[in-house]
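Report on one structure; see the data block that follows.
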Amino acid sequence: ERTIPAAKQKYVPTAGSYPKGFLVGTSHAGVKASNTSNDDITMVVSDRPCTAGGVFTKNIFKAAPVQVSRRSLKQMANEGFRGVIVNSGCANAVTGKLGLEHAHIMARETDQCFGDVPGDEVPPRTLIMSTGVIGQRLPIDKITAAIPKAHGALGSSHEHWLNAAKAICTTDTFPKLLSRTFRLPSHPDTEYSIAGMTKGAGMIHPNMA
Amino acid sequence: TLLGIICTDVKIAPSAVDSMLRYATNRTFNCISIDGDTSTNDTVTLFANGAAAPEGIQPLNLPPSLKPAPEAKNAASPSSPVQKDPPNRDTQAFTAVLSSFMTDLAKLVVRDGEGATKFVTIRVRSDISYFVAKRAAVSIARSALVKTALYGKDANWGRILCAIGYAPSIMHDTGLPIIRSIGEGHARLVEPERMSVSFVPADGSEELKLVVRGEPEVVDEGRAKEILEMEDLEILVRLDDGPAPEGRERKTQHEAVFWTCDFSHEYVTINGDYRT
């Protein structure tokens with residue numbers, strides 16, 4: 001278990017207000033051989049189809065999950081998505097055609113958890129993210145075995161969200177999770193929520209669009 | 001690599017979600033730098049399921065007459081995600097929430113920079129454009145020598161000016177609309193003798209002026225050290241690059257804010273042995 005440095009603990013929330021209808025779960029695949037116990041698969045899903053948008057690196061060597069997710073968003077015109085599946089430990093970048101296939105398999109495997117499996121002619125309803133070492137192939141069998149376990153662990157508590165924020169980390173020293181409530185001017189009686197997690201500690205100079 | 005996953009129970013039209021996310025990204029995640037390397041995998045996604053929205057309510061949308069701004073124009077005029085009329089009140093309110101939320105998330109990433117001991121805000125003011133100010137800020141944030149000086153608590157303002165001086169777009173990107181609009185005679189936008197640099201302490205105390213209009217101040221090294229001992233620091237740069245006569249107060253100022261960290265031995269240790 002990673003320990004959070006004392007100086008960083010003030011940035012880790014102890015409670016949160018999370019958006020309705022979203023569930024998160026994690027599991028252990030051991031993507032990086034040296035990781036023997038920490039969860040490294042994260043699933044974030046909506047209990048109903050939802051609108052999705054994405055911004056992606058402008059680096060010309062776009063990793064396989066970036067390419068597949070961009071294409072899915074375009075083909076589905078930003079609607080009908082269920083969520084995202086993330087692995088840490090391997091970036092699935094500069095991995096050629098097999099890398100693209102692996103990214104696609106991750107998305108399809110997650111789609112299957114919801115029973116409604118679209119045919120190959122329909123884009124996946126799950127976006128994909130990978131982070132970690134560049135230029136190595138994903139251990140796809142370990143990942144596909146861990147995806148149903150992440151689905152089985154889905155929940156909406158603060159602990160679920162915090163565990164998810166931990167599982168996407170690589171060299172990060174603390175999980176980055178925030179949540180907030182807000183209202184909109186045309187119907188001020190309704191309370192909305194927004195929650196987000198992020199990771200990143202090195203190779204950080206984003207230029208996304 | 002930067003990854004971000006944002007979920008909300010607001011209802012957003014599929015045609016509007018990318019524009020909202022892009023707009024917020026330009027002033028948040030696209031304004032951070034830890035080591036100057038852009039990853040192959042950087043991705044931020046926004047999911048909106050409408051689960052909290054009252055029945056029958058219309059999804060947040062951009063008015064149909066409006067198209068998302070092209071990227072170059074967005075950079076030049078970042079105060080609005082669209083070109084013409086303002087979007088409706090709910091869209092505007094949500095975009096503000098999203099931008100503020102993503103700013104806080106982006107700052108957390110910088111606070112966790114590999115080996116970082118400092119959180120540095122770089123604020124650059126230009127009379128000409130946000131674009132010019134941002135390029136100067138980026139150049140400072142990417143400078144390894146500025147970042148090692150910050151780690152060493154050395155008030156080395158010369159390195160800050162040096163980094164601004166080679167920011168390529170300031171000197172050479174004259175083909176961009178924002179530069180062309182001020183005329184050929186102003187292709188060189190930044191005059192060293194007009195520039196000022198200060199450290200702004202995180203505790204709200206008075207700024208420490210290092211250079212004023214190109215002339216070095218007599219720096220109180222003890223005070224500089226005190227400021228650099230703090231975890232949070234702001235570097236304030238006034239380019240003073242407008243056509244107005246020297247000394248006159250500018251009516252409009254464009255401000256770019258960039259967040260970065262220092263550069264330590266630990267960064268090398270982590271990244272000298274990453275694959276294994």
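Every number here is computed from the coordinates shown, using simple stated rules; none is lab data. Source: prediction; values computed, not measured. Cβ atoms come from the backbone with ideal geometry, glycine included; neighbour counts cover every protein chain shown.
A compact table of results
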quantity	calculated
Sum of side-chain charges, A:T144 neighbourhood, beta-carbon under 15 Å (Lys, Arg +1; Asp, Glu -1)	-1
Inter-chain shielding of B:98-110 (mean C-beta neighbours from other protein chains, 10 Å cut-off)	5
For a label point 7 Å along the Cα-to-beta-carbon line of A:D47, residues of the range A:136-161 with backbone N under 17 Å	A:151-161
Distance between modelled label sites at B:Q253 and B:N156, nm, 7 Å Cα→Cβ extension	2.8 nm
For residues of A:129-141, the mean tally of beta carbons on other chains within 10 Å	3
Listed pairs A:K176/A:K199; A:K176/B:K147; A:K58/A:K97 exceeding 18 Å between Cα atoms	A:K176/B:K147; A:K58/A:K97
Two-site FRET efficiency, A:K97 against A:S186, from Cβ-Cβ distance with R₀ of 45 Å, rounded to 0.05	0.40
Cleavage-rule hits (trypsin sites (Lys or Arg not before Pro)) in the range A:111-163: DSSP loop, at most 13 neighbouring Cβ within 10 angstrom	A:R137
Two-decimal Rg/Rh across the protein assembly as shown, once Rg and the Kirkwood Rh are taken from alpha-carbon atoms	0.98
Signed unit charges on C-beta, dipole axis of the range A:4-70, positive-most listed residue A:T26, A:I41, A:A63	A:A63
Total formal charge among the other residues, if their Cβ is under 13 angstrom from that of A:S156, Lys/Arg +1 and Asp/Glu -1	-2
Simple Cβ-charge dipole of chain A, Lys/Arg +1 and Asp/Glu -1, about Cα centre, in debye nearest 20	620 debye
Karplus 3J(HN,Hα) series, Hz, for the range B:138-152 with 6.51 cos²θ - 1.76 cosθ + 1.60 (x for Gly, Pro)	4, 5, 5, 5, 8, 6, 5, 6, 4, 6, 6, 4, 5, 4, x
Computed over chain A, Cα set: Rg, Dmax in Å	16.9, 52
For A:F81, distant residues with modelled amide H under 5 Å away	A:C50, A:A52
Among beta bridges that DSSP assigns inside chain A, antiparallel share in %, nearest 5	75 percent
Structure-based [θ]222 nm, chain A - -39500 (n - 2.57) summed over DSSP H runs of at least 4, per residue, nearest 500	-8000 deg cm²/dmol
The range A:77-179: C-alpha gyration tensor shape, a/c 1.5 cut-off, then a/b vs b/c	oblate
Phi-based couplings in Hz for the range A:54-70 (Karplus 6.51, -1.76, 1.60; Gly and Pro marked x)	x, 10, 10, 3, 9, 3, 6, 8, 6, 5, 4, x, 5, 5, 5, 5, 4
Cα gyration tensor, the range A:1-115 - rounded (a/c under 1.5), prolate or oblate	oblate
Distance in nm between pseudo-label sites at B:Q58 and B:T117 (7 Å out along the Cβ direction from Cα)	5.6 nm
Whole-angstrom gap from the range A:59-93 to the range B:85-131, using each part's C-alpha centre	24 Å
Fraction of beta bridges assigned by DSSP in the protein assembly as shown that are antiparallel (%, nearest 5)	70 percent
Cut-off 10 Å between beta-carbons: net charge of the residues surrounding A:D39, Lys and Arg +1, Asp and Glu -1	+1
Average beta-carbon neighbours from other chains, 10 Å sphere, peptide B:47-60	6
